[in-house]
Amino acid sequence: MDGFIILMLVLNHHLELGWNILIIIYMGYNMVKIYLCDLANDFNGIDNKSIPLGVGFVATYCKKIHKDNVDIKIYRTYKKFIDDVKKSPPDIAGFGSYDWNYNLTLNTIKKLKSIKPECVVAFGGANAEFHPKDNITFLSNNPTVDYIIYGDGEKPLSNLAANYISLHKEDNFIEKLKNEPIDGCRTLLNGKLITGLKSSDPIMDMDEVPSPYLEGFFDELLEDSTLMPIIQNIRGCPYLCRFCVSGTQYGKIRHFSLERIHSEISYLKKNAKNRFLRFSDDNFGIVEHDVEVAKYIRNLFEKEQYPAGLKVYSAKKQTDRVRLVGRILKPLMTYVVSLQTTTKAVLKETKRVSAKPPEAVESLNHARKYGLSSGTELIFGMPGESLESWRDVINFTLTFGFDSIAMNPLWILKGADLNRPESREENKYGTKFMLAENAVTSYDDFFSCERDEIAVESKYYTYDDWKVFLKYQIIILTLNYFGYGRELLYYASLENIKPTDLIDYMINNKSEYPITNELIDTYVDTYVTNMWDTEEELHEFIKSNLKTFKEDKESLVRIGKARGLFGYIVKYILKDPDKKYLREIADAIIKNGSSKKIENEVNYLLDLSITMMIDPFKEFIPDIEMSSDYDVFSWVSDGYSKPLSNYEFDKATDIKLKCRNSITVSETIRRDKEQNRTDCFNFFRYMNSGLMRRYIYSEEFEVHESSPWEPYRREHRTDSTSPSDSLFGAFENI
């Protein structure tokens, strides 16, 4: 009898297990399969070396709303996506499209549709145009795209999934689906744009969107040490800059809770193989919440050396809060004072919100007082900018004494206002196309490549003018942005030698300055040679030479702008034991100056510049001392505004040169050696310029650092209006 009871219990157990298995199979069969992609090219490693956070948010929100009705997967590369599509194609596929993956996205969609035509495809991301007229053009030209999702993607994709779930079993469900307006989505049906009654209301409480990190969506990707984790702290941008894609997604600023941010960073510290961290915020420091986030990161860095490095964009407007954030994150970030240009008419035309000159001066005084690395960015080619006005921009910007000035040509970005046909026509933009960095995908019979579209002429400047800009660019980047001759440039300004005049002088005296002219000519010629008049010509060149590029993948990478630039730094500065390029710069300053002590002072600054370098090819020694004839720390602190002779010591004195963050520097050098890189890719790509050189140290910094979280008070500011009082009058005219 007992044996019979046991047998019945065992049979009952197996029946229950069988029913459970059947239920699970049934649920899986009825789940709507959704694949979400933010694809990166991977011809020579993944080109966009970061975690695809945007589609992660879309995935977790959709899963939260629809629970077991949906099965969602996230993809970063074409190969993994298409292999899964061939095995088990999705019902819905969502794509995040950006400037780095536009062609890859559209080509992948075509391939997907050839395998499963009835798959519903949604196209979102920064490249999704906001204007309905542009949507009609895009959808007409790309019939394999079913929906455009503009703005925040979480609600629209979830809305689309809801309609799909309710309609997909009906006959002709695609047509019925498109006939139903969906908030946040636009589709084309029989030539008519079908759109929701309104754009989907933005999510105001950002914690309503579950974390893709904490939910485990990115666990596999976090195992890849080449992918940098991204944190979104704040969403939204209050500005309308016409050259930026964020300007078309103007909206109220919203932020995740501190608890959420802390949990994500803690999770990444434990699980991410890549020890660097990037914030996607457009304006870090814009709200008080950012201060608390900065404190948390700094405390974590001090206690556990995480993150090893930080990439973050400072807020455009200079405020006490932005300055405080800069102080808190001093070892990890450059304190950026945003300019783009100093030409008043251009700022107005592009709706750019930049620091006014008095604000920039005050911010730089603050940076020097607290030993912060400072920087700004300039963009040549915006509406209203000519070569003559650009010369003034260069010369004027250098009077501020920034530690780092980035200077780049205007790119016409999809999704930006300047990309609209009306804007192109109004400004008479002529463009050329260059391969985006490492932006090729080749797998079986599939090929795709991306391009950067560069505005090489407009009604304000000619193509020849633009090539002159390139000559200025390479000199400013090597000397100031990378910092290898910064003090020499600022000394020249004290000698009333304008930077553009100095460069023109060297160009016009080729025989005296052969290395400098070789650098300039090679840079310009290579840049111009690697541009094509049409995207189709670029595409055909890459495809026809693919076999060669497969044999030497780095040769493909060098066609792009960034990697090519790294090569010039390596060749003309780091690998040259005689530092001939820098010595030519010094010689030109001496010949154009008037100071009685100019030769001694320039040669001193040349030696200082060389000694401050951190050479990734040599043993890394973070801190060193050198004998100095000048109190160069005070000279720099005063904004390079007074003659160097005013700071001469009575006798030679040892000064300290220190690395701002040896953790970040060591990690990038280690990774370059581990990857057998000769172009110092990690060293240049994942550090700010303030870390590529040592800085002149003073114990005064230690005093200020004793209470780094103390709110920045107005009385802390210095009274100086460096660069000089005379220049301040000029500021009023901008």
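The values are calculated or read from the model by the stated rules, or taken from the named source; none is laboratory data. These figures come from a predicted structure and were not determined experimentally. Here the Cβ positions follow ideal geometry from the backbone for every residue, glycine too, while neighbour counts run over all protein chains shown.
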Collect the residues in segment 128-144 that are under 26 Å from the mean Cα position of the chain (by Cα) and closer than 19 Å to TYR35 by Cα, keeping them in residue-number order.
ALA128
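Can you find a residue that is exposed (fewer than 15 other Cβ atoms within 10 Å of the Cβ), of a type in the set (D, E, K, R) and at pLDDT 95 or above anywhere in segment 480-490? Write out each step before concluding.
Step one: of segment 480-490, the residues exposed (fewer than 15 other Cβ atoms within 10 Å of the Cβ) are none.
The answer is no; no qualifying residue exists.
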Which condition from (1) among the hydroxyl-bearing types (Ser, Thr, Tyr); (2) modelled with pLDDT under 85; (3) buried (at least 17 other Cβ atoms within 10 Å of the Cβ); (4) under 25 Å from the mean Cα position of the chain (by Cα) is the one that TYR250 breaks?
(3)
With the structure loaded, tell me whether SER634 is modelled with pLDDT of 90 or more, among the small types (Gly, Ala, Ser) and touching a Ser or Thr at 6+ places or on another chain (Cβ under 7 Å) or whether it fails that test.
no
Segment 646-662: number of residues that are loosely packed, with under 14 Cβ neighbours inside 10 Å and not in a strand (DSSP E or B)
1
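Select from segment 273-297 the residues that are over 24 Å from ARG670 (Cβ atoms), over 14 Å from the mean Cα position of the chain (by Cα) and buried (at least 19 other Cβ atoms within 10 Å of the Cβ) and list them in ascending order.
Of everything in segment 273-297, those that are over 24 Å from ARG670 (Cβ atoms), over 14 Å from the mean Cα position of the chain (by Cα) and buried (at least 19 other Cβ atoms within 10 Å of the Cβ) turn out to be GLY285, ILE286, ASP290, VAL293, ALA294.
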Somewhere in segment 408-429, is a residue crowded, with 20+ Cβ neighbours inside 10 Å, at pLDDT 85 or above, part of a loop (DSSP other than H, G, I, E, B) and over 24 Å from the mean Cα position of the chain (by Cα)?
yes
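Per-residue answers, yes or no, for (1) closer than 24 Å to ASN142 by Cβ; (2) basic (Lys, Arg):
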site: GLY45; (1), (2): no, no
site: ILE51; (1), (2): no, no
site: LYS63; (1), (2): no, yes
site: TYR75; (1), (2): yes, no
If you go through segment 371-382, how many residues are modelled with pLDDT of 90 or more and out of contact with any Ser or Thr (no Cβ under 6 Å at 6 or more places or on another chain)?
7
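Residues are listed down the side, and each one gets a yes or a no for (1) closer than 30 Å to SER637 by Cβ; (2) among the aromatic types (Phe, Trp, Tyr):
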{"position": "VAL393", "(1), (2)": "yes, no"}
{"position": "PHE400", "(1), (2)": "yes, yes"}
{"position": "ASP403", "(1), (2)": "yes, no"}
{"position": "PRO409", "(1), (2)": "no, no"}
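Tell me, yes or no, whether segment 506-522 has at least one residue that is touching a Gly at 6+ places or on another chain (Cβ under 7 Å) and crowded, with 19+ Cβ neighbours inside 10 Å. Give the derivation first.
Step one: filter segment 506-522 for residues touching a Gly at 6+ places or on another chain (Cβ under 7 Å), giving none.
No, segment 506-522 contains no residue that is touching a Gly at 6+ places or on another chain (Cβ under 7 Å) and crowded, with 19+ Cβ neighbours inside 10 Å.
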Of the residues in segment 303-314, how many are buried (at least 23 other Cβ atoms within 10 Å of the Cβ) and either among the β-branched types (Val, Ile, Thr) or modelled with pLDDT under 85 (or both)?
2
For residues in segment 533-581 being of a type in the set (Ser, Thr, Tyr) and at pLDDT below 95, which is farthest from GLU512 (Cα to Cα)?
SER544
Filter result (farther than 20 Å from SER689 by Cβ and of a type in the set (Ser, Thr, Tyr)) within segment 515-573:
THR516, THR522, THR526, TYR527, THR529, THR534, SER544, THR548, SER555
Restricting segment 528-570 to residues that are free of Cβ contacts under 8 Å to residues at least 12 places away in the same chain and under 18 Å from TRP100 (Cα atoms), the one surrounded by the most Cβ atoms within 10 Å (Cβ to Cβ) turns out to be ARG558
Being within 22 Å of ARG235 (Cβ to Cβ), among the charged types (D, E, K, R) and touching a residue at least 12 places away in the same chain (Cβ under 8 Å) is the requirement here; does LYS330 meet it?
no
